[in-house]
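Rule-based calculations on the coordinates, nothing more; no lab input. This is a predicted model, so every value here is computed, not measured. With ideal geometry, Cβ positions are generated from the backbone for all residues, glycine too; neighbour counts draw on all protein chains shown.
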Amino acid sequence: SGRDGRARRRERAAIRRAELDREYVAQFAQRVRELYPGCPPGREQEIAEHACRKYSGRVGRSAAAKALDEEAVYLAVQAHVRHNETNYDELLMQGMDRWLARDMVTDDVRDVLYTWRSGE
């Protein structure tokens, strides 16, 4: 019936959207790897999956990110480094203001980004 056909089309469309999203996450991860060759193996996938999570409002969902723009990728990598390579989250849990905490970890973030970018 017509209803079955519509349901099948909707299902196929949902599968296609999921495939496109996986493809986009893979492209984003590849771009992270290109721009940050020193990034520990596997982290590019973690960064891409987090930044590109649907309906998150995160940088990976922006038009710039979808164009694999270097600045958008940088923002995603920077956020990952801030949360995973510094004591930023610890500072927040101690009640520190977010902007002050960011300020305190700026040098550490910059050092990690430099290492990942240079591949050394």
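Just to be sure, is Glu23 assigned to a helix (DSSP H, G or I) and within 30 Å of Glu120 (Cβ to Cβ)?
Taking the combined requirement at face value, the residue does not satisfy it.
Name the residues in region 19-60 that are more than 23 Å from Arg110 (Cα to Cα) and either aromatic (Phe, Trp, Tyr) or over 9 Å from the mean Cα position of the chain (by Cα) (or both), would you?
Glu19, Leu20, Asp21, Arg22, Glu23, Tyr24, Ala26, Gln27, Lys54, Tyr55, Ser56, Gly57, listed by residue number.
Pick from Glu71, Glu34, Glu46: which is out of contact with any helix residue (DSSP H, G or I) (no Cβ under 6 Å at 6 or more places or on another chain) and over 15 Å from Arg117 (Cα atoms)?
Exactly one of Glu71, Glu34, Glu46 is out of contact with any helix residue (DSSP H, G or I) (no Cβ under 6 Å at 6 or more places or on another chain) and over 15 Å from Arg117 (Cα atoms), namely Glu46.
Can we say Glu70 is of a type outside the set (S, T, N, Q), within 10 Å of the chain's Cα centre (by Cα) and under 27 Å from Met104 (Cα atoms)?
No.
Counting residues that are surrounded by 18 or more Cβ atoms within 10 Å (Cβ to Cβ) and in contact with a Cys (Cβ under 9 Å, 6 or more places away or on another chain), which helices (runs of 4 or more DSSP H) fully inside region 54-94 reach at least 2?
Output list reads 70-84.
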